[in-house]
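The values are calculated or read from the model by the stated rules, or taken from the named source; none is laboratory data. Since the structure is predicted, the reported quantities are computational estimates derived from the model, not experimental observations. For neighbour counting, all protein chains shown are included, and Cβ atoms are generated from backbone atoms with ideal geometry for every residue, glycine included. Each accessible area value is taken on the protein alone, full model and side chains, heavy atoms only, with ligands, DNA and RNA left out. Shrake-Rupley method; radii C 1.70, N 1.55, O 1.52, S 1.80 Å.
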Amino acid sequence: MDWKLELIAIPVTDVDRAKAFYTEKAGFDADHDHAVSDEMRFVQLTPPGSACSIAIGTGITDSKPGSGNAQLVVADIEAARAELVERGAEVSEVQVFPWGSFVFFSDPDGNRWSVQQLPPRD
C-alpha cells in the first residue's frame, strides 16, 4: 500500500498576505480558497509539479505562525533561485553541501523553506 503525503498545514497570521506571497513570490498555484464558516477558511496552494500541497487559512492549525518548515526539491537550483528572485522573493545565495545544493527563503510570517537540488548520483 502507498502512503502519500498530500497536504501540509502552514501556520500564518494574515491569510490574504500569505496567499499573495505564495502565489506571486513563490509561484505556487492557488487550488482552493473556501470560507467553510466564519471560523474556518481553507486555502490550498501547490508548488509547480508537486503532488503535495500546503494549506493556509483560519481554523486550519493550532501551530504558531512562523513555526513551519518545509522543503522543495528542484532539478536546477540556479534556475529556481533566479525565478524566486525575479518574482521578488528574498532568497539566499546558493549553498553547496555534500547532500545537495540549497537556497532558503521565508514567508511573511517567518515560516522557513529550503529548496534543494540533489547531488549527482554515482
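Give the label of the value calculated from the structure for mean projected area of the Cα convex hull in nm², choosing from (i) 7.6; (ii) 7.1; (iii) 9.0. Structure-derived value, by its label: (iii).
Where in the chain lies the longest segment free of GluC sites (Glu not before Pro) that are both loop residues by DSSP (not H, G, I, E, B) and have at most 12 other Cβ atoms within 10 Å? Intermediate values should be presented prior to the final figure.
Numbers: sites that count: E6, E39, E90, E93.
The reported range is 40-89.
Given R₀ = 22 Å, what would the calculated FRET efficiency be for A35 paired with A9, taking r from the Cβ atoms and rounding to 0.05? Given R0 = 22 Å and the Cβ-Cβ separation, E is 0.85.
Extension gain for E78-L118 works out to 13.2 nm (0.36 nm per residue, less the C-alpha to C-alpha distance). Solvent exposure of the chain, expressed per residue, is 62 Å² of accessible area, with all protein chains present and a 1.4 angstrom probe. Here the sum of -39500 (n - 2.57) over DSSP H runs of 4 or more residues, divided by the residues of the chain, equals -3500 deg cm²/dmol at 222 nm, to the nearest 500.
Given a Förster radius of 25 Å and the C-beta distance between E86 and K64 as r, what FRET efficiency does 1/(1 + (r/R0)^6) yield to the nearest 0.05? Provide the component values of the computation, followed by the final result.
On the way: r = 31 Å, r/R0 = 1.24.
About 0.20, to the nearest 0.05.
Please report the relative contact order for the chain, taking Cα pairs under 8 Å with a sequence separation of at least 6, and give it as a percent rounded to a whole number.
Working: 238 pairs, mean separation 30.8, N = 122.
Computed over the chain, the figure is 25 percent.
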